[in-house]
Amino acid sequence: MNQPTKKHGETYPLLVDCVAQKYAHLQFADPAEILAVQNRLFLQHLAYTLAHSPFYKEVYAREKIDITQIKDLSHIGRLPLTHKEDLLQSEALLCVDKKKIVDICLTSATSSATPTLIPQTSMDLSRLAYNEELALAMTGVNETDTLLVCAALDRCFMAGMAYFLGGTKLSASMVRAGSGSAAQHWELIKLTSVTVIVGVPSLIHKIGQYALTNHEDPKGCSVKKLIAIGEPTKDETLSLLPIARELEAMWGAKIYSTYASSEMATTFCECEARSGGHTRPELIVVEILGKDDQPVMPGEKGEVVVTPLGVTGMPLIRFKTGDISYLIQDKCACKRTTQRLAPVLGRKNQMLKYKGTTVYPNAMLAALEGDERFYGGYIEAEKNVDGTDRITLFASFTHENESDAWIKEILQAKLRVVPEIKKITRQDADKKVYQFDKKRKRMTFFDLR
């Protein structure tokens, strides 16, 4: 088992090689080589974490975990899971002296009231840059591109910084737009000849709508790629959702999906084949767990559980993301041999049972977004007196006198259930969904159960 150096306990020798591109070839490597490297990195990660983390030392001692019995990744199921609530113990999870922390990130807290603090070392930032460099490169981004980054670098947000660091490593020109207004973004696109927009689909759509409202055509500008973050663009069959089809038509550009979180500090990004987000085996171990936290069969849906490798400030082991997805094992058309993560279908704690059918709120909205009749909306869930879920879709329409009959038809066809529908104004929808003074992402589900 590789042990961390005593002199530089906050670094990994193998991570230095990773950031130096020694392991970039793994995306095309033989599965046996991928597994060998990942086993080595995982064991080193485990040794480092247990040597430095007060939290994991206490948990493993309490659970009587003997890590000498963990020989490779086939034994990972013997280790305890890490839950979202555990991350509130940031002091106990910290593995380096506070003087080694150069950046502090906070999660967006879209699924909880309290954001999680993520302290990062200089090595963690190097790892983050390496991750995004390879992720962006998979979409075809290179030094000739100009990227409009519509993710904030302020308020301790990780995403904007990650895309900025990765883009600069590719020598692309970076336009740090942040989460400003659609008008500001459109002017920056024209001023700097942006070729790639990185942002949430709903914001990219608003920018395009602003241009059209002002008699300008997004298809006629310099943008050729849309890299979608934070919101789904595909369903479980990898087919484009209505919002994604609308964006491609609006901009005359290809859209690429990504999946990431501050806790995992790793991005699953689509390549140019656009068939799921490629994993980075030197940076993360991915498990899909089903009932009773047991592994599911290949291709089966379950909760995404991750072990981000090479993190030095606050390393995690078997972190339960709460997101539901599945792994794609077959070789990609791009010739990469790494596994791919399918689109996130919903969050485990947001799963609703409605008239005998399992429904995820984001799937309900995803079926409608992109339709020119649908302006926007949100979902509320409550409990009926008999303990069953009651779902209400609050919907606003492009034209106020629009009937909701078409919504019922779409939801019945795609989800097999239709919730109660309440019409609201566009102003009320925006006020409820875009609470950027409280949250960094739009809020479309309110759980009142």
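When you go through (1) closer than 23 Å to A253 by Cα; (2) crowded, with 19+ Cβ neighbours inside 10 Å one by one for D124, which number turns out not to apply? Unmet condition: (1).
Table: residues versus (1) open to solvent by less than 30 Å² (accessible area, probe 1.4 Å); (2) within 16 Å of L134 (Cα to Cα); (3) not in a loop (DSSP other than H, G, I, E, B).
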site: E272; (1), (2), (3): no, yes, no
site: P281; (1), (2), (3): yes, yes, no
site: G299; (1), (2), (3): no, no, no
site: T321; (1), (2), (3): yes, no, yes
site: V344; (1), (2), (3): no, no, no
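Counting the residues of region 368-409 that are of a type outside the set (S, T, Y), surrounded by fewer than 18 Cβ atoms within 10 Å (Cβ to Cβ) and at negative phi gives 19. Taken together, the residues in region 93-107 that are more than 23 Å from the chain's Cα centre (by Cα) and within 28 Å of I288 (Cβ to Cβ) amount to 1. Selection within region 200-243: residues that are within 17 Å of the chain's Cα centre (by Cα) and on the phi > 0 side of the Ramachandran plot. The member of this set that is modelled with the highest pLDDT is L238.
Residues in region 244-296 that are free of Cβ contacts under 8 Å to residues at least 40 places away in the same chain and among the acidic types (D, E): 2 in all. Contact map, region 368-379: residues that are touching a residue at least 60 places away in the same chain (Cβ under 8 Å) and farther than 16 Å from L247 by Cβ paired with residues that are of a type in the set (F, W, Y) and surrounded by fewer than 22 Cβ atoms within 10 Å (Cβ to Cβ), Cβ distance under 6 Å, separation 6+ or inter-chain. Pairs shown: G377/F394; Y378/F394; I379/F445.
Checking F42 against (1) open to solvent by 80 Å² or more (accessible area, probe 1.4 Å); (2) closer than 30 Å to M138 by Cβ, which single condition isn't satisfied? Unmet condition: (1). Is it true that some residue in region 37-52 is under 24 Å from P281 (Cβ atoms), outside any helix (DSSP H, G or I), touching a residue at least 40 places away in the same chain (Cβ under 8 Å) and not aliphatic (A, V, I, L, M)? Checking region 37-52: not a single residue is under 24 Å from P281 (Cβ atoms), outside any helix (DSSP H, G or I), touching a residue at least 40 places away in the same chain (Cβ under 8 Å) and not aliphatic (A, V, I, L, M). Set side by side, the residues L345, L365 differ, and just one is modelled with pLDDT under 90, hydrophobic (A, V, I, L, M, F, W, C) and within 30 Å of Q27 (Cα to Cα), which is L345.
Going through (1) on the phi > 0 side of the Ramachandran plot; (2) under 20 Å from the mean Cα position of the chain (by Cα) one by one, D154 falls short only on (1). From the list D30, D66, the lone residue that is among the acidic types (D, E), touching a residue at least 60 places away in the same chain (Cβ under 8 Å) and either within 23 Å of N349 (Cβ to Cβ) or open to solvent by 70 Å² or more (accessible area, probe 1.4 Å) (or both) is D30.
Evaluation of I288 against the conditions (1) β-branched (V, I, T); (2) over 25 Å from P119 (Cβ atoms); (3) not in a strand (DSSP E or B) shows that the sole unmet condition is (3). One residue stands out in region 52-84 among those that are at pLDDT 95 or above and of a type in the set (S, T, Y): the one that is nearest to the chain's Cα centre (by Cα), namely T82. Of the candidates K320, K331, the single residue that is out of contact with any strand residue (DSSP E or B) (no Cβ under 8 Å at 6 or more places or on another chain), on the phi < 0 side of the Ramachandran plot and among the charged types (D, E, K, R) is K331. Candidates T338, T307: the one that is β-branched (V, I, T) and not in a loop (DSSP other than H, G, I, E, B) is T307.
Yes/no per residue for (1) crowded, with 21+ Cβ neighbours inside 10 Å; (2) part of a helix (DSSP H, G or I):
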| site | (1), (2) |
| --- | --- |
| D86 | no, yes |
| A92 | no, yes |
| C95 | yes, no |
| L128 | yes, yes |
| L136 | yes, yes |
| V141 | yes, no |
| L153 | no, no |
| A159 | yes, yes |
| A162 | yes, yes |
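For the structure I just gave you, tell me whether E400 is outside any strand (DSSP E or B), farther than 30 Å from H278 by Cβ and at pLDDT below 85. So E400 passes the test. The listed residues are M250, M264, and the only one of them that is farther than 30 Å from V311 by Cα and either touching an Asp or Glu at 6+ places or on another chain (Cβ under 7 Å) or not charged (D, E, K, R) (or both) turns out to be M250.
Reported count of residues in region 175-199, each being on the phi < 0 side of the Ramachandran plot and open to solvent by 40 Å² or more (accessible area, probe 1.4 Å), is 9. Could you check, for region 428-448, whether at least one of its residues is open to solvent by 20 Å² or more (accessible area, probe 1.4 Å), over 27 Å from the mean Cα position of the chain (by Cα), basic (K, R) and modelled with pLDDT of 80 or more? Looking through region 428-448, none of the residues is open to solvent by 20 Å² or more (accessible area, probe 1.4 Å), over 27 Å from the mean Cα position of the chain (by Cα), basic (K, R) and modelled with pLDDT of 80 or more. Taking the conditions (1) in contact with a Lys or Arg (Cβ under 8 Å, 6 or more places away or on another chain); (2) among the acidic types (D, E); (3) more than 21 Å from R280 (Cα to Cα) in turn, E91 satisfies each one other than (1). Flag set for T168, criterion: under 26 Å from P218 (Cα atoms), among the hydroxyl-bearing types (S, T, Y) and assigned to a helix (DSSP H, G or I).
The values are calculated or read from the model by the stated rules, or taken from the named source; none is laboratory data. What you see is a predicted model, and the numbers here were worked out from it, not measured in a lab. Every residue, glycine among them, receives a Cβ derived from its backbone with ideal geometry; neighbour counts consider all protein chains shown. Side chains included, ligands, DNA and RNA excluded: accessible areas come from the protein's heavy atoms. Shrake-Rupley method; radii C 1.70, N 1.55, O 1.52, S 1.80 Å.
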